[in-house]
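Everything below concerns the one structure shown next.
The values are calculated or read from the model by the stated rules, or taken from the named source; none is laboratory data. Source: prediction; values computed, not measured. Glycine gets a Cβ as well: all are built from the backbone with ideal geometry, and neighbour counts include every protein chain shown. The accessibility values were calculated without ligands, DNA or RNA, using every heavy atom of the protein model including side chains. Shrake-Rupley method; radii C 1.70, N 1.55, O 1.52, S 1.80 Å.
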Amino acid sequence: MAFTVEQALNWLTKSNEKIQENKDYLSELDQAIGDGDHGINMARGFDEVVKKLDGNDYKQVADVWKDAAMTLMSKVGGASGPLFGTAFLKMSMAAKGGEAVSYDAFIKALEDGGAGIKQRGKATEGEKTMVDVWSPVVKQLKEAKDFDAGLIRDSSKSAMEATKDIIATKGRAAYLKERSKGHLDPGSVSSYYIFQALSDCIEGEV
Amino acid sequence: MAFTVEQALNWLTKSNEKIQENKDYLSELDQAIGDGDHGINMARGFDEVVKKLDGNDYKQVADVWKDAAMTLMSKVGGASGPLFGTAFLKMSMAAKGGEAVSYDAFIKALEDGGAGIKQRGKATEGEKTMVDVWSPVVKQLKEAKDFDAGLIRDSSKSAMEATKDIIATKGRAAYLKERSKGHLDPGSVSSYYIFQALSDCIEGEV
Amino acid sequence: MKKIINDPNQVVTEMLDGVVGAYPGQIKRIPDTNVVTKKDAPVQSKVGIVSGGGSGHEPAHAGYIGKGMLDAAVAGEVFTSPTPDQVFEAIKAVDGGSGVLLVIKNYSGDVMNFEMAAEMAEAEGVDVAQVIVKDDVAIEDRDGRRGVAGTIFVHKIAGAMAETGASLEEVKAVAEKVIANVRSMGVALSPCVMPASGKPSFELGEDEMEVGIGIHGEPGTERKPLASANEIATELTKHVLEDLELSGSDEVAVMVNGLGASPEMELHLVNRKVQGILQEKGVKAYKTFVGEYMTSLEMAGCSVTLLKLDGQLKELLDSPSDAPAFRS
Amino acid sequence: MKKIINDPNQVVTEMLDGVVGAYPGQIKRIPDTNVVTKKDAPVQSKVGIVSGGGSGHEPAHAGYIGKGMLDAAVAGEVFTSPTPDQVFEAIKAVDGGSGVLLVIKNYSGDVMNFEMAAEMAEAEGVDVAQVIVKDDVAIEDRDGRRGVAGTIFVHKIAGAMAETGASLEEVKAVAEKVIANVRSMGVALSPCVMPASGKPSFELGEDEMEVGIGIHGEPGTERKPLASANEIATELTKHVLEDLELSGSDEVAVMVNGLGASPEMELHLVNRKVQGILQEKGVKAYKTFVGEYMTSLEMAGCSVTLLKLDGQLKELLDSPSDAPAFRS
Ligand SMILES: Nc1ncnc2c1ncn2[C@@H]1O[C@H](COP(=O)(O)OP(=O)(O)O)[C@@H](O)[C@H]1O
Ligand SMILES: Nc1ncnc2c1ncn2[C@@H]1O[C@H](COP(=O)(O)OP(=O)(O)O)[C@@H](O)[C@H]1O
Ligand SMILES: [Mg+2]
Ligand SMILES: [Mg+2]
Ligand SMILES: [Mg+2]
Ligand SMILES: [Mg+2]
């Protein structure tokens, strides 16, 4: 199977839907250990992404991701804006040149995206950031042979849930030290929604 | 009967007691139609008056009143400070030169005191200020022949209560216009306590 | 009551320690009083300017002491006029031989206490003049109007005039000119809490606001449903404009004053609309001040002040002041 | 939620209208952005100074634009870093050929967005330097420390240095010197409410306070029983002093900064104690600033900042600034 322009568009549309639905929940999570704007930031950004994509006719997956990246970077702000922006930009760079993207190319793109987040955020695994979703998910998907909706869903869910027990050392939650424990990381939860949306898209087409 | 130095001292001591007891109530009244400090102002001032009087040996009623006046003026502030201060100062001026004060001289002193309030506050009757206690009380006491504890008590009580229905045109309550109706005037209530204290003193000695 | 205080009965004297501690090179306190003066007071042959009133309006009044503004500020207890003896100390401390102007806000208490101080000073041969600021258009009756944020413009312009070497009469005249041309009106979204009583000055529902409030936590003239920044700005400005009667080519100074708790962000939203209204009317905002100038403890809300200017007032408004709360 | 606002989603853009409306002679907005610059930007051959961050900290950052301070301020959404494209616009607008210094507060978001903007500018051949303010001693780990009120001293001193015609390298060096010598810590008595969500940033009991808070409504590092002004001042100053390691003859600049709702009276009570502590230690308060410089919407509370000074820093601190929120 290969990942198509249509799927790329679907993925972002579904991501937006999930983020809009869970906007308040994401902000509440951020309120507990951050500054309470994560849902607002993400909802603003993904709404703009969908608007941007709607108006265009795409030939390449890479172009969809590039427009998403640019929109996220210029509309989200905060920590999550440059991070998700960088992720999609790196994915776009990796996927350049093909109408559809093979599983291997897709995984390479995701891997570059995750690496971009790490680099931009100067973060590694175990710091209670979205890296703690992106890294384990990419690692598990690398071991599969083809798109697997269930694997995407399950791996992102357990990774997201595991952020609850981590003591933050990056992002605003790090100011709380021990008090950050017992709360999910908001950026990990929104990353989880993005992977759930991906899983839904794959499932719809397989 | 004549009003003695001892009674003058008692009067102020009892006034202070009543004001301390009703400090919060006076402030609440002021909160409804003023700025909520009347009890605090009066309690601060009368406490200082008693302290001042305690340390001195007085030969004349006029001197007691003068020290009370000066203390009220320099310790109360707000509107009530200069008003009560002026009242006692005018009373002191009227009573000068005698160890004890005859009923006629006492009434003359009260009358001057009330006139002092009117002049300093540029207020007349019916404006919902302490004038609405001082004026009617003085008027009624003028018609009596001698000190009459009951008359002092009753006249000041009914005058105080009558301030409830007045629409204020002087003092902070005037800003509320119609909304000032239905509330007692705080300065009238503290004047009432002062007259009640006077009544108690008279009664104790008659 | 959540406040950063020590003993509620010592807030004024401790606050004055803090103020003088912040600007020890510029101001000093007269020992055993609640009077703060310029460090170099009295300034020989300059008219002295004294203002003051109850505390709780910070930076008013001590923050306005400086070259080009006040020579002394007298602090009463919270929301309580200072007593005549205190005002008298201030007058004596700043009289440099050319007399002293008292800037009084129109409240029974302030007027009486300052008046008595003036009588005391005159008895000792000091020339004293008084002006009474009454800029609050929430009160219809002109003589009964409160003095609120417009007082800052009186400080500034009288202070600048005194700096030119003008006589007491001239300084008083320009202060009266400001008073004749300045109008304010305010709104509160929440009450304030007096430290000594610990109680809110009034109760207000979640969706209500008090329109026409003063600066002492008194209730306003009208209670209304909470409105938007545009509506609030429009209502306050409307009342001010009705009373000031500006015509197309007039120039004004604008002050959007925060009462304490409202974030500066919100003051700018109000200013945005005020500027829009003035522009529509063709009235020029010569200079605008947005910030906390005359507060009411932690009250949320704001006031809008307009001062109609002429050439003289513009020049005096622009002239230098080194007062900590009003540098220009 | 009681706020003087219009549409909660338009507060930032409307606020910027209000700010520019207040000082149209000094500042202007770059059309279609949330960037405000000096009216005469770029100043030829002067290093440009750009600061910014989320909104809700007013008068930071646009209030610090002026001769001797910032050339531009970039406003993000409330408590949200501005995006790289906006910062990039600011950089381009103020580059007068000698390069641009970015003053960044140490938050993941600010650092990343400004860094990306710097990369964009460098790609277009503009010389850009960055400094990251991390003055909040509530965070033990030095590299993780937030940038809070100490940022104002960085603005002031870097701005003054740029005015002397210094090179980008020199301006950056003096900004780094300020950062190395400035420490802050804050306490909150009440949370703030973000306009877009309408919810308090945290819940706090009637007798509690949050110690070690930042300026974005994040919870603090410790929750404690509400303390007196003296105790609060002592605790904040203690942590700041422990980290700054002052000796007897040192001179400092002091800032007692209100977070939004606390009356200036309370800030002066805190200042009183801070001055007392410094005096006891024999440390000289060279200059003191009491007021709202870096706020957190309507949060009640304050922060204490100390900046250790040397001859150069004193001179630059004293040099003139005409920024509306910091005139000197
Ligand atoms: N340095 C970092 N590296 C990776 N992710 C980070 C970093 N800092 C923050 N994040 C992520 O960003 C999320 C917060 O995003 P958001 O609330 O939108 O931004 P802000 O913290 O600026 O308010 C966190 O939950 C975390 O997942
Ligand atoms: N002009 C006036 N003439 C007479 N009495 C007045 C006048 N103004 C105020 N008062 C009296 O003073 C009382 C208020 O005193 P207080 O609360 O101590 O002062 P303030 O109004 O300055 O806070 C009022 O209840 C009223 O009786
Ligand atoms: Mg956040
Ligand atoms: Mg009162
Ligand atoms: Mg009062
Ligand atoms: Mg944020």
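Among the residues here, residue C:38 qualifies as modelled with pLDDT of 95 or more and not polar (S, T, N, Q).
In the stretch C:253-289, the qualifying residues are those that are surrounded by fewer than 24 Cβ atoms within 10 Å (Cβ to Cβ) and among the β-branched types (Val, Ile, Thr), and the one that is nearest to the other protein chains (Cβ to nearest Cβ) is C:288. A single member of D:184, D:190, D:197 is open to solvent by 20 Å² or more (accessible area, probe 1.4 Å) and in contact with a Ser or Thr (Cβ under 7 Å, 6 or more places away or on another chain), and it is D:197. Taken over the stretch C:304-325, residues that are more than 9 Å from chain D (Cβ to nearest Cβ), of a type outside the set (D, E, K, R) and open to solvent by 10 Å² or more (accessible area, probe 1.4 Å) amount to 6.
Checking each residue in the stretch C:34-64 for being open to solvent by 10 Å² or more (accessible area, probe 1.4 Å) and among the polar types (S, T, N, Q) picks out C:34, C:44, C:45. Taken over the stretch B:17-58, the residue count meeting the criterion of being closer than 16 Å to residue C:201 by Cβ, at the interface with another protein chain (Cβ under 10 Å from one of its Cβ atoms) and assigned to a helix (DSSP H, G or I) is 11. Residues in the stretch D:146-168 that are buried (at least 24 other Cβ atoms within 10 Å of the Cβ) and of a type in the set (D, E, K, R): how many? The number of residues fulfilling the criteria is 2.
Residue B:156: within 16 Å of ligand 5 (Cβ to nearest atom) and surrounded by 19 or more Cβ atoms within 10 Å (Cβ to Cβ), yes or no? Judged against the criteria, residue B:156 is not a match. In the set A:87, A:62, A:68, only one residue is more than 8 Å from chain D (Cβ to nearest Cβ) and more than 12 Å from the chain's Cα centre (by Cα); that residue is A:62.
Could you run through the stretch C:290-300 and say how many residues are part of a strand (DSSP E or B) and either more than 25 Å from residue C:203 (Cα to Cα) or more than 8 Å from every other protein chain (Cβ to nearest Cβ) (or both)? Matching residues across the stretch C:290-300 total 3. Taking the conditions (1) in a strand (DSSP E or B); (2) under 14 Å from residue D:267 (Cβ atoms); (3) not polar (S, T, N, Q) in turn, residue C:53 satisfies each one other than (2).
Conditions (1) among the hydrophobic types (A, V, I, L, M, F, W, C); (2) more than 16 Å from ligand 6 (Cβ to nearest atom); (3) at negative phi, marked per residue:
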{"position": "D:82", "(1), (2), (3)": "no, no, yes"}
{"position": "D:89", "(1), (2), (3)": "no, yes, yes"}
{"position": "D:92", "(1), (2), (3)": "no, yes, yes"}
{"position": "D:117", "(1), (2), (3)": "yes, yes, yes"}
{"position": "D:123", "(1), (2), (3)": "yes, yes, yes"}
{"position": "D:129", "(1), (2), (3)": "yes, yes, yes"}
{"position": "D:133", "(1), (2), (3)": "yes, yes, yes"}
{"position": "D:138", "(1), (2), (3)": "yes, yes, yes"}
{"position": "D:141", "(1), (2), (3)": "no, yes, yes"}
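Can you find a residue that is touching a strand residue (DSSP E or B) at 6+ places or on another chain (Cβ under 7 Å) and more than 16 Å from ligand 4 (Cβ to nearest atom) anywhere in the stretch A:17-31? No, the conditions are met nowhere in the stretch A:17-31. Scanning the stretch C:17-32 for residues that are under 21 Å from the mean Cα position of the chain (by Cα) and more than 8 Å from every other protein chain (Cβ to nearest Cβ) turns up C:20, C:26, C:27, C:28, C:29.
If you go through the stretch C:219-244 and pick out every residue that is more than 7 Å from every other protein chain (Cβ to nearest Cβ) and open to solvent by 10 Å² or more (accessible area, probe 1.4 Å), you end up with 14. Residue count for the stretch B:75-85, restricted to those that are more than 9 Å from ligand 2 (Cβ to nearest atom) and open to solvent by 10 Å² or more (accessible area, probe 1.4 Å): 1. Applying the set (1) within 10 Å of ligand 1 (Cβ to nearest atom); (2) buried (at least 19 other Cβ atoms within 10 Å of the Cβ); (3) under 13 Å from residue A:33 (Cα atoms) to residue A:175 leaves exactly one unmet item: (1).
Here the condition is being within 12 Å of ligand 2 (Cβ to nearest atom) and among the aliphatic types (A, V, I, L, M); of B:9, B:72, B:89, it holds for B:72 alone. Of the candidates A:100, A:43, A:68, the single residue that is at pLDDT below 95 and either more than 20 Å from residue A:129 (Cα to Cα) or surrounded by fewer than 24 Cβ atoms within 10 Å (Cβ to Cβ) (or both) is A:100. Determine, yes or no, whether residue D:2 is more than 10 Å from chain C (Cβ to nearest Cβ) and open to solvent by 10 Å² or more (accessible area, probe 1.4 Å). No; evaluated as a whole, the condition is false for this residue.
Taking the stretch A:114-149 as the search range and keeping residues that are within 14 Å of chain D (Cβ to nearest Cβ) and on the phi > 0 side of the Ramachandran plot, which one is nearest to ligand 3 (Cβ to nearest atom)? By that ranking, first place goes to A:128.
Regarding residue C:88, is this residue of a type in the set (Phe, Trp, Tyr), more than 14 Å from chain B (Cβ to nearest Cβ), touching a residue at least 24 places away in the same chain (Cβ under 8 Å) and away from ligand 2 (no atom under 16 Å from the Cβ)? In short, no. Please enumerate the residues belonging to the stretch D:38-58 that are within 12 Å of another protein chain (Cβ to nearest Cβ) and either out of contact with any helix residue (DSSP H, G or I) (no Cβ under 6 Å at 6 or more places or on another chain) or within 16 Å of ligand 5 (Cβ to nearest atom) (or both). Residues satisfying the conditions are D:52, D:54, D:56, D:57.
The set of residues in the stretch A:40-67 that are in contact with a Lys or Arg (Cβ under 6 Å, 6 or more places away or on another chain) and over 21 Å from residue D:81 (Cβ atoms) comprises A:62, A:67.
In the stretch D:224-236, the residues that are closer than 19 Å to residue C:8 by Cβ reach residues that are among the aliphatic types (A, V, I, L, M) and outside any helix (DSSP H, G or I) with C-beta atoms within less than 6 angstrom, at least six apart or across chains, in these pairs: D:226/D:209; D:229/C:4; D:229/C:5; D:232/C:4; D:232/D:187. Within the stretch D:65-124, being assigned to a loop (DSSP other than H, G, I, E, B), within 16 Å of ligand 1 (Cβ to nearest atom) and surrounded by 23 or more Cβ atoms within 10 Å (Cβ to Cβ) holds for D:79, D:80, D:81, D:82, D:83, D:107. Counting only strands (runs of 3 or more DSSP E) that fall entirely inside the stretch D:193-282 and contain at least 3 residues that are among the β-branched types (Val, Ile, Thr), the qualifying elements are D:251-258. Looking at the stretch D:194-212 only, could you name the residues that are modelled with pLDDT of 95 or more, in contact with a helix residue (DSSP H, G or I) (Cβ under 9 Å, 6 or more places away or on another chain) and either within 16 Å of ligand 6 (Cβ to nearest atom) or more than 10 Å from chain A (Cβ to nearest Cβ) (or both)? Selection gives D:209, D:211.
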